[in-house]
Amino acid sequence: MNGNCHCMFGAAVGTAIAININKVAESFPNIHATSEFSTLFILGGILGGVLPDIDNPVSHVGRLTAPISNFIAAIGNLAGRGYAKHRGIMHDPLIYIAGLIVSYLYFPPLVCLLVGCLSHIYLDLFNPSGVPFAFGIRHWRLGTITSGSHASKILTWAHVLFIIVVSFAFKVGVFQGLYRVTYISFP
């Protein structure tokens, strides 16, 4: 997927969470049902949707943040996950899952950006090279759709439409009897 696809899908995921912020806050007490958190989820979806490509100096976000992107690519090269493989250290889902847990506990607003980053990783799973897992020990993929192709745009739009429909269905209570709120709290 290209940057536009990642940005659009990240925005859809962030908006879906923002639309249902009350239900999210019921299950995750550190996330507050406020307009500020809703805005952060939308912005986090947009920014996080493109942020993982910062490990590629020739990507759009890599060119915008050239010194940082080059530094991350150099670290990736040292770890054997550099520019030649494109999906380097910033494409490992373990980083974002660990970040979600830590940020939820200590700095909940950062969750909004990390959700956007995970939306990026999800779309990259449909690319032939997939995404590295456990720092490149293994690669995961769900499809073989080439980045920037017509099929990638169709896939992205289908996912955006699905996310929007499901988020509105949750908002109006279509799934009311199918789930129950479980409180997640840590000591």
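Quick one: 3J(HN,Hα) in Hz for region 20-30, Karplus 6.51/-1.76/1.60 with θ = phi - 60°, rounded, Gly and Pro as x.
Per residue, the Karplus-derived 3J(HN,Hα) values read 10, 4, 5, 5, 5, 5, 5, 7, 10, x, 6 Hz.
Taking only Cα atoms, what is the 0 to 90° angle, nearest 10, from helix 150-172's long axis to the longest principal axis of the chain?
20
Compute the angle between helix 3-19 and the longest alpha-carbon principal axis of the chain, please, reported from 0 to 90 degrees and rounded to the nearest 10.
It is inclined by approximately 20 degrees.
To make sure I understand, if each residue's beta carbon is the centre and we count other beta carbons within 10 Å, what order do Glu26, Glu36 fall in, fewest to most?
Glu36, Glu26
Of Tyr106, Ala73, Phe41, which is farthest on the positive side of the dipole of the chain, counting Cα position, with +1 on Lys and Arg Cβ, -1 on Asp and Glu Cβ, and the Cα centre as origin?
Final value for the positive-end residue is Ala73.
Please build a GNM for the chain, connecting alpha carbons under 10 Å apart, and tell me which residue among Val24, Val111, Val172 fluctuates the most.
Among Val24, Val111, Val172, the largest mean-square fluctuation in the Gaussian network model of the chain belongs to Val172.
Hey, got the dipole for region 3-178? About the Cα centre, +1 on K and R Cβ, -1 on D and E Cβ, debye to the nearest 20?
Dipole of region 3-178, to the nearest 20 debye: 320 debye.
If I take every Cα pair under 8 Å that is 6 or more residues apart in region 3-178, average their sequence separation and divide by the length, what percent do I get for the relative contact order?
It rounds to 25 percent for region 3-178.
Give me P(r) over the chain, computed from all C-alpha to C-alpha distances, binned every 10 Å, as integer percentages.
Taking every Cα pair in the chain, the percentages come to 10, 34, 35, 18, 3, 0.
Taken together, the values in this text are just the output of simple stated rules run on the coordinates, not laboratory data. Keep in mind the model is a prediction, meaning the values are calculated, not measured. Here Cβ is always computed from backbone atoms with ideal geometry, including for glycine, and neighbour counts include all displayed protein chains.
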